[in-house]
Amino acid sequence: MKSPDSLLNIMKIAVLGAIIAILSPAGLAWGQSTADDSPVAGDSPVSEDSPPIADDSPPVPVDPVFVLIEPVLRDANGEFIDLIFDENVVFVDGEPFGFGNLLDPGQYQVTLDDYQGISGELDCEDFAYNVNPISGNNVLTVQPESAIYCSANYVITQRTSIKIVNVVYNNDGGTLEASEVEYTITGAPGFDVALPDRQRVDVAPGPSLLLVTGRFDIPGYSSHLRKCVDRNTGEILDASLLNGIDVPIGAKVQCTIVHNDLKTKIKINTRLINNGGGSASADDINAQLDGYPVNSGEWITITPGEHSLTFDELDGYFLQRFDCRQVRGGGGLVSNDTVFLEAGAKLVCTITQNDYATQIKLVPIVRDANGKVVRDVTPTLTIDGATVAKNVRTTVDADQAHTIGAELAGYDTTSTTCENRRDRGGFSIDGNDLTLQTGTVVRCVITLREAASY
């Protein structure tokens, strides 16, 4: 008998013995009859010449017997393969039997399903009677108190294998080669096989054979499983990158995985902060990529590698921020005017300029009729009609005319002298109207003289 290994066999016999002991009438040994041929005290002896006595008592019921039929899968070398079988592999009198069930004494037709194209052979033994309970075309004979174990032996003679075909599209600057993509096949515990591109590898059959690899996250690429097909039958197999592949016994699996290179993109944001009186707009920054103007906030598809990124630094403004952040893939600033992007990367660069304060400071000088400085009086100083403090800078809007003035009863303004106190920007003055460029700080000295009395 071709049964599983001896240790497993002993264990199964022990289990069967325990089950049969429970199901059998108490106190009876294997094959012992329930009838007792010894005379009972008080019974009348019956002579051979006595007429037969009619027995109208009902027949004694016979207990059902537990029969175990276990599918076993081995390779062509006889090595055991751990595989969970479908319970509907074994049929008794046309009905699914499972792997173990109760049967009344009698004869039954046992049928083994061709499990995924592999035929099985039934091998049985009745340990209670030490006989083979199978006769003819898999006819199983169950006797009272039988102890039957059967193995449904399936042997794989056809190679089960898998091959991965990587298809790589480099339409947007990618440089990946299909041969660079290698997977690891993981199935049963301890099963771990490298699977290079376009190389067929033998695998153990079964559900959820997983493709495990870090290369599904190839920078700059999107990957998807196109299909898995059994080249022997043409059947499309149930498969996904997430849940793995159900590999039939003897299948010649080929899976096609597609890798598309992603577009390499950059977005440049230009921002201008006018909290110091500046009047420029973000478009005035005039950002340029490789010498071509770009619109702020728009994605631009470019080739991977280095690109120049330049912009105008506006007068009266300072560069508050210039940086790049990765949205996808690798890349960033490599110098003050150069960015680098890997294939498929997405990069956002931000240029922020902030205006220097545009300010006017009024300094009054008051003199009497003789030209001597008078210190105990203070004129009213104004910018655009609003009173301002002396010797204090006042922030104003750039590129607009601002009227400055000083008033003191009995005094006349004799001169106004202004100067730029910073090395940036500039200003112009027309009478009392003062116009400043962004970031200019102007100090104006206004001289008042006491009016002559007549």
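Scan the stretch 281-325 for residues that are under 25 Å from GLY425 (Cβ atoms) and among the charged types (D, E, K, R) and the total you get is 6. Picking from residues in the stretch 115-146 that are outside any strand (DSSP E or B) and within 49 Å of the chain's Cα centre (by Cα), the one that is surrounded by the most Cβ atoms within 10 Å (Cβ to Cβ) is GLN116. Counting residues that are modelled with pLDDT under 75 and out of contact with any Leu (no Cβ under 6 Å at 6 or more places or on another chain), which strands (runs of 3 or more DSSP E) fully inside the stretch 171-214 reach at least 2? Ranges flagged: 192-195, 206-212.
Scanning the stretch 246-273 for residues that are surrounded by 18 or more Cβ atoms within 10 Å (Cβ to Cβ) and among the polar types (S, T, N, Q) yields GLN254, ASN260, THR264, THR270.
Looking at the structure I just gave you, is ASN295 without any contact (Cβ under 8 Å) to a residue 60 or more places away in the chain, out of contact with any strand residue (DSSP E or B) (no Cβ under 7 Å at 6 or more places or on another chain), more than 30 Å from VAL165 (Cα to Cα) and not assigned by TED's automatic domain parsing to the domain that holds ALA398? I'd like the intermediate steps shown before the answer.
Numbers: without any contact (Cβ under 8 Å) to a residue 60 or more places away in the chain: yes; out of contact with any strand residue (DSSP E or B) (no Cβ under 7 Å at 6 or more places or on another chain): yes; more than 30 Å from VAL165 (Cα to Cα): yes; not assigned by TED's automatic domain parsing to the domain that holds ALA398: yes.
Spelling it out, ASN295 is indeed without any contact (Cβ under 8 Å) to a residue 60 or more places away in the chain, out of contact with any strand residue (DSSP E or B) (no Cβ under 7 Å at 6 or more places or on another chain), more than 30 Å from VAL165 (Cα to Cα) and not assigned by TED's automatic domain parsing to the domain that holds ALA398.
All of ILE118, ILE134 fail the test of being among the β-branched types (Val, Ile, Thr) and in contact (Cβ under 8 Å) with a residue 60 or more places away in the chain, apart from ILE118. In the stretch 338-362, the residues that are within 21 Å of ASP284 (Cβ to Cβ) and touching a residue at least 40 places away in the same chain (Cβ under 8 Å) reach residues that are outside any strand (DSSP E or B) and among the charged types (D, E, K, R) with C-beta atoms within less than 8 angstrom, at least six apart or across chains, in these pairs: GLN353/GLU313; TYR356/ARG422; TYR356/ARG424; THR358/ASP397.
The values are calculated or read from the model by the stated rules, or taken from the named source; none is laboratory data. Just so it is clear, the model here is predicted, and its values are computed rather than measured. When we count neighbours, we look across all protein chains shown, and the Cβ atoms used for this are built from the backbone with ideal geometry, even at glycine.
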